[in-house]
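These notes are about the structure you will find just below.
The values are calculated or read from the model by the stated rules, or taken from the named source; none is laboratory data. Because the structure is predicted, anything quoted here is derived from the model rather than measured. With ideal geometry, Cβ positions are generated from the backbone for all residues, glycine too; neighbour counts draw on all protein chains shown. Surface areas here come from the heavy atoms of the whole protein model, side chains and all, with no ligands, DNA or RNA. Shrake-Rupley method; radii C 1.70, N 1.55, O 1.52, S 1.80 Å.
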Amino acid sequence: MKTKIMLAAAALAAALASPALAADPTGLWQTPTNGGQVRIARCGQALCGTLVTSNHIRADADVRDEHNRDTALRSRTLRNLPMMTGFTGGPTEWRNGSVYNPADGRTYRGTITMTNDNSLNLRGCVVAPLCKTQTWTRIQ
């Protein structure tokens, strides 16, 4: 009986540690603000994200990055704008990334934490503890 319990416990521990059970953050995600949709992909050893669409883009496909603090970048379009770079780690948390917010033109230090297969928390900080967390929902 003891042997069966120990074997079952060992099998459960191995299953929980399996990378196959780790959530995959790549895919298309719905943000909670402005109808944003961001595609997260692997960029080498890191994760990056691109703004696919938003309420502003749906209203005007040619809308520009007008709030960017760098005036030279204000003429670029928001559609397909790289807005997340350099997130490393895993399998459930990626750190040390940068998140660009086109609404205010600022870039924040970020952390991605998968809460389950279809939900993640994106935390952006100006300087800790000045942080904000959003929950994103998987679209695909």
Conditions (1) exposed (fewer than 15 other Cβ atoms within 10 Å of the Cβ); (2) farther than 14 Å from Thr26 by Cβ; number of the one not met by Arg109: (1)
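Is it the case, given these coordinates, that Ala20 is within 23 Å of Asp117 (Cβ to Cβ) and either touching a Cys at 6+ places or on another chain (Cβ under 6 Å) or at pLDDT below 95 (or both)?
On the way: within 23 Å of Asp117 (Cβ to Cβ): yes; either touching a Cys at 6+ places or on another chain (Cβ under 6 Å) or at pLDDT below 95 (or both): yes.
In short, yes.
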Condition broken by Asp104, with the remaining ones in (1) touching a residue at least 24 places away in the same chain (Cβ under 8 Å); (2) out of contact with any His (no Cβ under 9 Å at 6 or more places or on another chain) satisfied: (2)
Flag for Thr137 being under 22 Å from Ala23 (Cα atoms) and among the β-branched types (Val, Ile, Thr): yes
First in segment 51-70 and on the phi < 0 side of the Ramachandran plot, second anywhere and β-branched (Val, Ile, Thr) and in a loop (DSSP other than H, G, I, E, B), Cβ under 7 Å, 6 or more apart: His56/Val63; Ile57/Val63
Residue, nearest to the chain's Cα centre (by Cα), within segment 71-84, restricted to residues that are touching a residue at least 12 places away in the same chain (Cβ under 8 Å) and open to solvent by 70 Å² or more (accessible area, probe 1.4 Å): Pro82
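If you check Ile40 against the conditions, is it under 19 Å from the mean Cα position of the chain (by Cα), among the β-branched types (Val, Ile, Thr), modelled with pLDDT of 95 or more and surrounded by 10 or more Cβ atoms within 10 Å (Cβ to Cβ)? Steps first, answer last, please.
Values: under 19 Å from the mean Cα position of the chain (by Cα): yes; among the β-branched types (Val, Ile, Thr): yes; modelled with pLDDT of 95 or more: yes; surrounded by 10 or more Cβ atoms within 10 Å (Cβ to Cβ): yes.
When the stated conditions are applied, Ile40 passes them.
Go through segment 87-122 and report how many residues are under 30 Å from Ser75 (Cβ atoms) and not polar (S, T, N, Q).
Step one: filter segment 87-122 for residues under 30 Å from Ser75 (Cβ atoms), giving 87, 96-110, 112, 122.
If we keep only those that are not polar (S, T, N, Q) too, we end up with 87, 97, 99-100, 102-106, 108-110, 112, 122.
Going through segment 87-122 one residue at a time, the tally reaches 14.
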